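Before any comments, here is the structure.
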Amino acid sequence: MKIESKMDKVTTSIFSVMSKLALECNAVNLSQGFPDYPADPELKDLVCKYIQRDHNQYAPMPGVPALLTQIADKIERSYSWRPIADSQITVTTGASQAICSAIGMLIRPGDEAVIIEPAYDSYKPAVMMNGGKVNVYEMKAPDFKVDWEALEALVNDKTRMLIVNNPHNPTGTIFDEEDMKQIVRICEKYDLIILSDEVYEHLVFDESKHLSILQYPELRSRGMAVFSFGKSLHATGWKTGYIIAPKELTSEFRKVHQFTVFCVNTPVQYAIAEYMTTHMDWSALGKFFESKRDLLYQGLQGTGLKPFRCEGTYFQLYDYSSISDRKEEDFAVWLTREYGVATIPISPFYSSDREQSLIRVCFAKHDETIRKACEALKQLKSAQKV
Ligand code: PMP
Ligand code: GLN
């Protein structure tokens, strides 16, 4: 049988590749972004409770009502604006499905989307899968800022949407007021829909504040904001997230959602809803991860790995150019095999495979795990440049 691939340029995700290699090499895995510490026992007990109470059948298509209400409360608390639970919130199978379904609902063959690279790996394939094309704006080291006028030059009459990610994986940068102002300007000028991936909304450091598109009336009227309980509740494997959009967009979104997954894991939705009645304030997450970021920073001092500014997410970029001339993927593989620490190269986040001698290190780990990795990498300083 001859299959004409729609995705012939797509290869296995770098997250799977590096986690598999980490396992094979018995390396400390600071590559794929997931915690190695347990989720809150109270939350785990709640999931068990709802399974035992036989909440084991299909949930309502948009989400369990109690969870939709909790999400509305949470958004109001965080962003001083309350979405309508029934018509503006949909619970999804992680942020990934929200992103894919949102793109699927909007992009037709020939349509274009502007994305900002380095970019999370699912945006571009989702656009391609629907016959669309991405126009790529490249952020570059060391500051990874967007020149919005240069980005604006990528917009044309086929452009349907702008996809942004804030706080940003993998660079750890966050948007400021000026960025948001420019996004408003561009989206209004060209009548674009904005898809804003905000899965790291609570993971911002040094007293910074996350700016959501939901705080801007001009953006929430033309925007879809995507969130993930995987990040906020330290349970990436539960693949539960949600999307918030105006009524008209939500209605279109649900047409795709109902034929993609129909609904999301029922006991997990009930458990999160009950958990949120007593755990609504997630502002401590910033401090929790900030101390891990600082532990990693301290631990890698003197290794030759040069850290970048990290304002948010649980990822830290490092420049390894004083240690090696290897390409990023080769370096990450070498580091895993020779030093027992797995990280993520940045080149796969660029369509152009841009090489900048950068790796991404995930610090959503036990302090012990971070210390162990730093100990192993201390030996780098005595190594010859390779
Ligand atoms: N967006 C970004 C920027 C991410 O880092 C991730 C990774 N988890 C996702 C989306 C996907 O989230 P989920 O696991 O909830 O599907
Ligand atoms: N978001 C995670 C990361 O950036 C990975 C998710 C995945 O493996 N698809 O590492």
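Built from the Cα atoms of segment 52-129, the convex hull projects on average onto 7.7 nm², one quarter of its surface area.
Here the gap between Arg309 and Asn56, fully extended at 0.36 nm per residue and compared with their Cα-Cα distance, gives a gain of 86.6 nm. Using bins of 10 Å that start at zero, the share of Cα-Cα pairs per bin across segment 1-103 amounts to 11, 23, 31, 26, 9, 0, in whole %. In the context of the full set of protein chains, residues of segment 333-386 present 44 Å² of accessible surface per residue (probe radius 1.4 Å, heavy atoms only).
Can you work out the FRET efficiency for the pair Glu375 and Asp45, with r the C-beta to C-beta distance and R0 = 35 Å, to the nearest 0.05? After rounding, the FRET efficiency stands at 0.50.
For the chain, DSSP calls about 45 percent of its internal beta bridges antiparallel. Each residue, His279 and Val10, gets one label point 7 Å from its Cα in the Cβ direction; the gap between the two is 3.3 nm.
Net charge dipole, the chain: roughly 680 debye, given to the nearest 20, about the Cα centre with Cβ charges of +1 for Lys and Arg and -1 for Asp and Glu. Using only Cα coordinates, the Kirkwood hydrodynamic radius of segment 289-340 works out to 12.1 Å. For the chain, give the percent of accessible area contributed by carbon and sulfur heavy atoms, probe 1.4 Å, rounded to a whole number. Carbon and sulfur together cover 50 percent of it.
Remark on Ser324: its backbone amide H falls under 5 Å from those of Val386, a criterion applied only to residues 5 or more positions apart or on other chains, H modelled at 1.01 Å from N. Each label point was placed 7 Å from the Cα along the Cα-to-Cβ direction; for Ser291 and Ser352 their separation is 4.2 nm.
With θ taken as phi - 60° and the Karplus curve 6.51 cos²θ - 1.76 cosθ + 1.60 applied, the whole-hertz 3J(HN,Hα) list for segment 138-146 is 9, 8, 10, 5, x, 9, 6, 9, 9 Hz, x standing for glycine and proline.
Normalised by the number of residues in the chain, the mean separation of alpha-carbon contacts (under 8 Å, six or more apart) gives a relative contact order of 25 percent.
Under the criterion of Cα pairs below 8 Å and six or more residues apart, the relative contact order for segment 309-370 equals 41 percent. Rounded to the nearest 0.05, the FRET efficiency derived from the C-beta distance between Asp121 and Ser80 at R0 = 25 Å is 0.15. For the residue pairs Lys6/Lys189; Lys124/Lys231; Lys239/Lys292; Lys6/Lys255; Lys9/Lys287; Lys239/Lys327, the alpha carbons lie more than 28 Å apart in Lys6/Lys189; Lys9/Lys287; Lys239/Lys327. With a 1.4 Å probe rolled over the protein heavy atoms of all chains, the accessible area of Met105, Met18 falls in the order Met105, Met18, largest first. With all protein chains kept in place, the per residue accessible area of segment 42-163 amounts to 44 square angstrom at a probe of 1.4 angstrom. Taking the chain on its own, what percent of its Cα-Cα pair distances exceed 28 Å? Counting every Cα pair in the chain, those more than 28 Å apart make up 46 percent.
Distance between the C-alpha centres of segment 1-38 and segment 355-382: 19 Å, rounded to the whole angstrom. Taking 7 Å steps out from each Cα toward its Cβ at Glu252 and Gln301 produces label points 5.2 nm apart. Note on segment 291-386: Cα-only Rg and Dmax are 12.5, 37 Å. Near the amide H of Glu138, within less than 5 Å, lie the amide hydrogens of Glu117, all on another chain or at least 5 residues away, with H placed in the peptide plane.
The values are calculated or read from the model by the stated rules, or taken from the named source; none is laboratory data. Computed from a predicted structure; not experimentally measured. Note that each Cβ is placed from the backbone with ideal geometry, even for glycine, and that neighbours are counted across all protein chains shown. The protein model used for the area step is the full one, side chains on, heavy atoms only, and it has no ligands, DNA or RNA in it. Shrake-Rupley method; radii C 1.70, N 1.55, O 1.52, S 1.80 Å.
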